[in-house]
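Heads up, the thing below is written out as structure tokens.
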Amino acid sequence: MREYKLVVLGSGGVGKSALTVQFVQSIFVEKYDPTIEDSYRKQVEVDGQQCMLEILDTAGTEQFTAMRDLYMKNGQGFILVYSITSQATFNDLVELREQILRVKDTDRVPMVLVGNKCDLEDDRVVTKDQGNGLAGQWSCSFMETSARKKIMVDDVFYDLVRQINRSMPDPKDRKKDKKKCNIL
């Protein structure tokens, strides 16, 4: 079974832990308890393949930036989360993405841009067009989710697994093309 290292990043209070726990345990965590770093494992089936997801739920606060380089280096796919109720959390993702690309020394990595808290439409500050626009600039997927209502939560993680499969095919899945030569 193939393992995937997924990293959930974003500012404090955007719902990174709520999204992750909703995906892994189907529970909505109401209270905000700042995370330092939590790791979760969940076995899922994506496109007929069994997958073991190792999900790293990271700190949103600046004091843990030293740890960021390490999990950015080891991560295969990234979920960048902002709250649709906060423009600042949306703006913060530009620097986070630049840091990921710098640490991984590449110009493209499997990534999903996530506008969380879409159930709070009345408090919306960041438009869907802004999310789509940024995802377009970055050539990545974009989804709006609600951890509270479990809207599009699973889709985020499955989409990221599919991106990883496209960008880094499993070496075990490659069929070796062996040509037989008949020597007469």
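Scanning region 141-170 for residues that are of a type in the set (A, V, I, L, M) and assigned to a helix (DSSP H, G or I) yields VAL153, VAL156, LEU160, VAL161, ILE164.
Got at least one residue in region 35-55 being out of contact with any His (no Cβ under 9 Å at 6 or more places or on another chain), under 18 Å from LEU113 (Cα atoms) and modelled with pLDDT of 95 or more? Checked region 35-55: at least one residue is out of contact with any His (no Cβ under 9 Å at 6 or more places or on another chain), under 18 Å from LEU113 (Cα atoms) and modelled with pLDDT of 95 or more. The single condition from (1) outside any helix (DSSP H, G or I); (2) farther than 26 Å from GLN25 by Cα; (3) among the small types (Gly, Ala, Ser) that ALA88 fails is (1). Can you find even one residue in region 141-159 that is touching a Pro at 6+ places or on another chain (Cβ under 8 Å), at pLDDT 95 or above and open to solvent by less than 30 Å² (accessible area, probe 1.4 Å)? No, there is no match, as no residue in region 141-159 is touching a Pro at 6+ places or on another chain (Cβ under 8 Å), at pLDDT 95 or above and open to solvent by less than 30 Å² (accessible area, probe 1.4 Å).
The values are calculated or read from the model by the stated rules, or taken from the named source; none is laboratory data. Everything quoted here is computed from the prediction, not taken from an experiment. No Cβ is skipped: glycine too gets one built from the backbone with ideal geometry, and neighbour counts run over all protein chains shown. Note: areas computed on protein heavy atoms with side chains; ligands, DNA, RNA excluded. Shrake-Rupley method; radii C 1.70, N 1.55, O 1.52, S 1.80 Å.
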